[in-house]
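S.K.: My questions will all concern the structure given below.
The values are calculated or read from the model by the stated rules, or taken from the named source; none is laboratory data. Bear in mind that the values here come from a model prediction, so they are computed numbers and not experimental data. Cβ placement follows ideal geometry from the backbone for every residue including glycine, while neighbour counts extend to all protein chains displayed. Areas reflect the complete protein model, heavy atoms only, side chains present, ligands, DNA and RNA absent. Shrake-Rupley method; radii C 1.70, N 1.55, O 1.52, S 1.80 Å.
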Amino acid sequence: MLLKANVEGSKVIRKEARNALIELAKDDYYRILIIEEGLVPVPMVGADAYKSFRPELHSWPSLPDGTEIERTSQGPSKFGANELLLGLNVSDKNANIDEAKMNAMVGRSRQHFLVRIGAIESEDGRKPQSEFPIDRQLTLLPWIDGVARLVLILGLEDERAIARAAESIADISINEHMRMLFKEAGAIKYLVQLLDHSSDAVRLATTHALERLSVSRGVCQIMEAEGVVHPLVNTLKNLDISESLMEKTLDILGRILDPSKEMKSKFYDIPVNGSEKGLDAAESLDPSIELTGNVIEAAVSETTTSYGKVLDSVFIGRMIGIMKTSYPDLQRKAASILEFITIIDPSMDTIISADIESGLDAIFQQKALEDTDSDIEGRQPEKYALDIEEASLAISAGARLLTKLLDSKQFCQTINSTHFIKLLRKILKSNVPLHYKDWVAACLVKLSCLSGPDQDFENPINMEVTLYEAIPRLIEQIKSFSSEAREAAVIELNRIISEGVVDSTRAVASEGGIFPLVKLIEEGSNRAVEAGLAILYNLSMDSENHSAIIAAGAVPALRRIVLSQRPQWTRALRLLRNLPV
């Protein structure tokens, strides 16, 4: 408030307020608070850096993001006044430009004007003084001016200034609003071009900025349209890049080449019945509408043509090499990108010929899952939980990729299915969180179907999938708030137990299923109560479960069912007789 106050005699106060905020902006948390108040920290790069600025004179202006502005005059003015003044009059209500684009154009016009008159980075006509060298100085500007200033610096020739501006963009991109401001200001085009810069520092800072901006789906689409995939792929092909640059590059590529979004985005970007429906309209489409095979084929063909030459055997080999590293986060991103390639290239010939099995083998043998109790005791619980989470995400991505590869007959003929079945069964029984085991279970079942009869008669694969994935998942579903979901889960669980799956009741008890089942027989629908009573009756046949059933409050709940003569009272009475009460 003190900085924004523009009253007589407030010059010293504003200066001190600015200095205080600049000092606070050095802390990540306080910088976020300052940005949320409408100010952004901008590096001061010195007047000399702006000498390379070359504005486009006497040309019909366009919006900062590259959008052309419709000409309204009959012809150009003699001295270009119409063209130059349009940027200053863009706030006119008749301009027919949305507010974000309007602000971007106003900000650009202001900054270009300051550069032309030599007043950039000056306050009240004087250059600011500081005991710090220029490459460590910052200033604070309102959103509109700060974003425009940073984009302007990206177009200069000074490498140090460009790198500092890109790092500032990364720091400022804290939310969707700020990311969209940079998008409208035209930052994406400059940043994509800078990925081919000769300076390592510029490329790293630029990649960092694009990584932070790519969190927004809308910005990702602009990046893709600007051709960001090609330079990113070339970066990853370089074996000498730093781990930090490789991680950020994989982050961006992983968001653009996302297999889970690929088909949906292609479908809903295609005109349907003559009307164009974008991504935001996808949720409102009638689910009964079916996309024809021709539409699907056209979507896949378009993407294959776009990326087929870029995502070549060298790049695929690099992704497999990353999968062999000991970093689960990098493994997950590489596996996800390879899954995307299997979608745009259904033949999968290049991936199969590149020794993909070795990469999958590394993903499924996570060090975090091999740790003994003594190893875990010496580590912080938070660090161990994070390691398990990252390892589980990598395993899930690897299982999705393997499941997709199993659609190829050529791959099925070459894969060592026995080896991967052994690895996946081990993961299924491990402490990997339940919600990451779904793809592991699906992949295991598919592998077992392709490998022929199960030779392990004591512990067949389907039984292990049931015990270690299906039953825990159903118990979690019984704990949900949806009555329909709980009813469906308890009925399915009752079916599994009634079919006599070995150790199924023991699995229900060990997964903590008794307490939610008792709660269900008090609150559930008639069908859910009936299934719940049947499961609890089977559990009560093992005396070791009696104490848990009683502790869960089953006895009073069963008595209420019997005394109220509900349809399930006979089942409740039989269960009561089994308990030591």
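S.K.: Taking the conditions exactly as written (among the hydroxyl-bearing types (S, T, Y) and either without any contact (Cβ under 8 Å) to a residue 40 or more places away in the chain or closer than 21 Å to P259 by Cβ (or both)), does S358 satisfy them or not?
M.R.: yes
S.K.: Next up: Can D251 be described as part of a helix (DSSP H, G or I), more than 26 Å from P346 (Cβ to Cβ) and at pLDDT below 90?
M.R.: It is false that D251 is part of a helix (DSSP H, G or I), more than 26 Å from P346 (Cβ to Cβ) and at pLDDT below 90.
S.K.: Looking at region 310-329, which of its residues are open to solvent by 10 Å² or more (accessible area, probe 1.4 Å) and part of a helix (DSSP H, G or I)?
M.R.: S313, V314, G317, R318, G321, P328, D329, listed by residue number.
S.K.: Could you please find all residues in region 472-495 being touching a residue at least 24 places away in the same chain (Cβ under 8 Å), part of a helix (DSSP H, G or I) and under 29 Å from the mean Cα position of the chain (by Cα)?
M.R.: P472, R473, I475, E476, I478
S.K.: A534 - would you say it is modelled with pLDDT of 85 or more and either under 22 Å from S564 (Cβ atoms) or surrounded by 14 or more Cβ atoms within 10 Å (Cβ to Cβ) (or both)?
M.R.: Against the criterion (modelled with pLDDT of 85 or more and either under 22 Å from S564 (Cβ atoms) or surrounded by 14 or more Cβ atoms within 10 Å (Cβ to Cβ) (or both)), A534 qualifies.
S.K.: Can you name every residue in region 459-480 that is at pLDDT below 85 and either open to solvent by 40 Å² or more (accessible area, probe 1.4 Å) or of a type in the set (S, T, Y) (or both)?
M.R.: N459, P460, N462, T466, Y468, S480
S.K.: Which of the following residues is modelled with pLDDT under 85, in contact with a helix residue (DSSP H, G or I) (Cβ under 9 Å, 6 or more places away or on another chain) and open to solvent by 30 Å² or more (accessible area, probe 1.4 Å): R332, R379?
M.R.: On inspection, the qualifying residue turns out to be R379.
Residue by residue, here is whether (1) among the charged types (D, E, K, R); (2) modelled with pLDDT under 95; (3) under 24 Å from the mean Cα position of the chain (by Cα); (4) crowded, with 20+ Cβ neighbours inside 10 Å holds:
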site: I120; (1), (2), (3), (4): no, yes, no, yes
site: P128; (1), (2), (3), (4): no, yes, no, no
site: M180; (1), (2), (3), (4): no, yes, yes, no
site: T206; (1), (2), (3), (4): no, no, yes, yes
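S.K.: Hey, Q565 hits all of (1) loosely packed, with under 15 Cβ neighbours inside 10 Å; (2) at negative phi but one; which does it fall short on?
M.R.: The number of the failed condition is (2).
S.K.: Counting only residues that are touching a helix residue (DSSP H, G or I) at 6+ places or on another chain (Cβ under 7 Å), part of a helix (DSSP H, G or I) and not β-branched (V, I, T), how many does region 335-357 have?
M.R.: 5
S.K.: While we're on this one: Here are the criteria: (1) touching a strand residue (DSSP E or B) at 6+ places or on another chain (Cβ under 9 Å); (2) open to solvent by less than 30 Å² (accessible area, probe 1.4 Å); (3) among the aliphatic types (A, V, I, L, M); (4) closer than 22 Å to F53 by Cα. Tell me which single one L138 does not satisfy.
M.R.: (2)
S.K.: Restricting the search to region 178-204, which residues are assigned to a helix (DSSP H, G or I), within 22 Å of A104 (Cβ to Cβ) and small (G, A, S)?
M.R.: Scanning region 178-204 gives a single hit, A187.
S.K.: Of all residues in region 227-245, which are within 21 Å of the chain's Cα centre (by Cα) and outside any helix (DSSP H, G or I)?
M.R.: G227, V228 - these are the residues of region 227-245 that are within 21 Å of the chain's Cα centre (by Cα) and outside any helix (DSSP H, G or I).
S.K.: Restricting region 514-531 to residues that are surrounded by fewer than 19 Cβ atoms within 10 Å (Cβ to Cβ) and not acidic (D, E), which is nearest to A552 (Cα to Cα)?
M.R.: In this case the residue turns out to be F515.
S.K.: Next question. Open to solvent by 30 Å² or more (accessible area, probe 1.4 Å), in contact with a Ser or Thr (Cβ under 9 Å, 6 or more places away or on another chain), part of a loop (DSSP other than H, G, I, E, B) and of a type outside the set (G, A, S), is that true of P580?
M.R.: So P580 passes the test.
S.K.: Shifting gears a bit: Just wondering, is there one or more residues in region 72-81 that are open to solvent by 70 Å² or more (accessible area, probe 1.4 Å), within 24 Å of E176 (Cα to Cα) and at pLDDT below 55?
M.R.: No: zero hits.
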